[in-house]
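What follows is a set of notes on a single structure, which appears directly below.
The values are calculated or read from the model by the stated rules, or taken from the named source; none is laboratory data. Keep in mind that what you see is a predicted model, and the values were worked out from it rather than measured. Here the Cβ positions follow ideal geometry from the backbone for every residue, glycine too, while neighbour counts run over all protein chains shown.
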Amino acid sequence: MKPNIRYFLVGGAVRDRLLGLPVKDRDWVVTGATPGDMLDMGFMPVGKDFPVFLHPETREEYALARTERKTAPGYHGFSFHAAPDVTLEQDLLRRDLSINALAEDEDGQVIDVSGGLQDLEQRRLRHASPAFAEDPVRILRLARFAARFAPLGFQVTKETLALMQTMVAAGEVDALVPERVWQELVRALAEPAPRRFVEVLRECGALGVLFPELDALFGIPQVARYHPEIDTGLHTLMVLERAAALSTDPCIRFAALTHDLGKGTTPAAEWPRHHGHEERSIGLVEQLCQRYRVPNDFRELARLVARHHLHIHRTRELTPRTLLRVMEQCDAFRRPERFHDLLLACQADAQGRAGMEQSPYPQREWFTRLHQACLDVDVRPIVQAGFRGEQIRQQLHARRIQAIKALQRENPFPPAEH
């Protein structure tokens, strides 16, 4: 190995170690080396846009120190320069946040070129350098880090928020490709405090550009009797927060986030009521999902929650036929796991209201029991009785209604809040 070649642990591994968090991935920067040097040492090339290599034994990523220059709008508009004369400091200053621009040398000494150590201590999310403004993806990444580190007390600095607002005003966010927006959203939904992702995007103005359906909910009133928080946007954030408390599944959290989109299109003359918002929500969910090429499992659950959350809330008011129809429309008998996810999202909706975060939600348990009672109806006696084809379906339907009625007689349901 050439004597001037050096390896530095960088980024999240250094940050998380200093925060006392588990270190999941270890990334390295190499200075003083060429791609040929890396190949000679047995590293395997994997980078497409710039030289990145896998260590022959640990399989950890080693990237040559690089600089980059913005050549066009958006996050694709960059040219990269990686050479032995590029310094570690130059590489670090191209990173997004100061807390991610930390490195550690072979002796364990931390190298800090942008005040990241102080920002860790003071719990600040701050851009590492003015280069932050050249890449709009960094707005999404910062919002995601805000969702990750909110439980530790991290806040976005005023200076960085102002820079993000300038980027949005300059149209940089418009150039983001759908796949990258979805990638950052779904990763943010898996973080401990996903509502912070939405809040940060709204604070800098990016929410209205990327997710206008969500942005439109803020300032829209609801009936105070059911929603003491009144504002639909605030309610949506509270529902997302409750969904995060109830489940780590980003699919459920996405459904919670999008369940009320139709309220943003209610004519002002009809406020604070939102008659028919469920159907409007379905269309807006579909619109958002098409724009960002959202996977089908996310799309389908979000549509079901948008369509049926009020039915689930009003379980006590529904007839046995309607209860069964809801389960059939949700494909609950072929997709029981997804139906249970729907019930969980509905619980998040009911509890995502001011002062009601810990309120009981018997609807979830009741619908689970109704569902099981229907599943327990055995189709074999129907076939053995000689029924065929459509007759089997009709008999199964009728016996499931009877099972629902029997359960209702045995276990009266408590009054619903909706």
Considering only residues that are in contact (Cβ under 8 Å) with a residue 24 or more places away in the chain, charged (D, E, K, R) and farther than 23 Å from Ala244 by Cα, which ones fall in region 121-149? Arg124, Arg126, Glu134, Asp135, Arg138
Using the structure shown, decide if Glu184 is assigned to a loop (DSSP other than H, G, I, E, B), in contact (Cβ under 8 Å) with a residue 40 or more places away in the chain and in contact with a helix residue (DSSP H, G or I) (Cβ under 6 Å, 6 or more places away or on another chain). no
Kindly list, by first and then second residue, each pair from a residue in region 243-256 that is among the β-branched types (Val, Ile, Thr) to a residue that is assigned to a helix (DSSP H, G or I), limited to pairs with Cβ atoms under 6 Å and residues at least 6 apart or on different chains. Ile252/Ala243; Ile252/Asp341; Ile252/Leu344; Ile252/Ala345
Residue, nearest to the chain's Cα centre (by Cα), within region 217-274, restricted to residues that are polar (S, T, N, Q) and in a helix (DSSP H, G or I): Thr258
Give me the residue from region 326-362 that is assigned to a helix (DSSP H, G or I) and among the small types (Gly, Ala, Ser) and, out of that set, nearest to Ala245 (Cα to Cα). Ala348
Based on this model, can you work out whether His340 counts as closer than 26 Å to Asp231 by Cα and either in the same structural domain as Leu240 (by TED's automatic domain parsing) or basic (Lys, Arg) (or both)? no
Residue hits (region 110-160; assigned to a helix (DSSP H, G or I), out of contact with any Asp or Glu (no Cβ under 6 Å at 6 or more places or on another chain) and of a type in the set (A, V, I, L, M)) are Leu117, Leu120, Ala131, Ala133, Val137, Ile139, Leu142, Ala143, Ala146, Ala150, Leu152
Taking Thr166, is it of a type in the set (Ser, Thr, Tyr), outside the structural domain of Arg338 (by TED's automatic domain parsing) and modelled with pLDDT of 95 or more? yes
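Is it true that Phe50 is over 12 Å from Ala33 (Cβ atoms), at pLDDT below 85 and either in a loop (DSSP other than H, G, I, E, B) or not assigned by TED's automatic domain parsing to the domain that holds Gly11 (or both)?
The answer is yes for Phe50.
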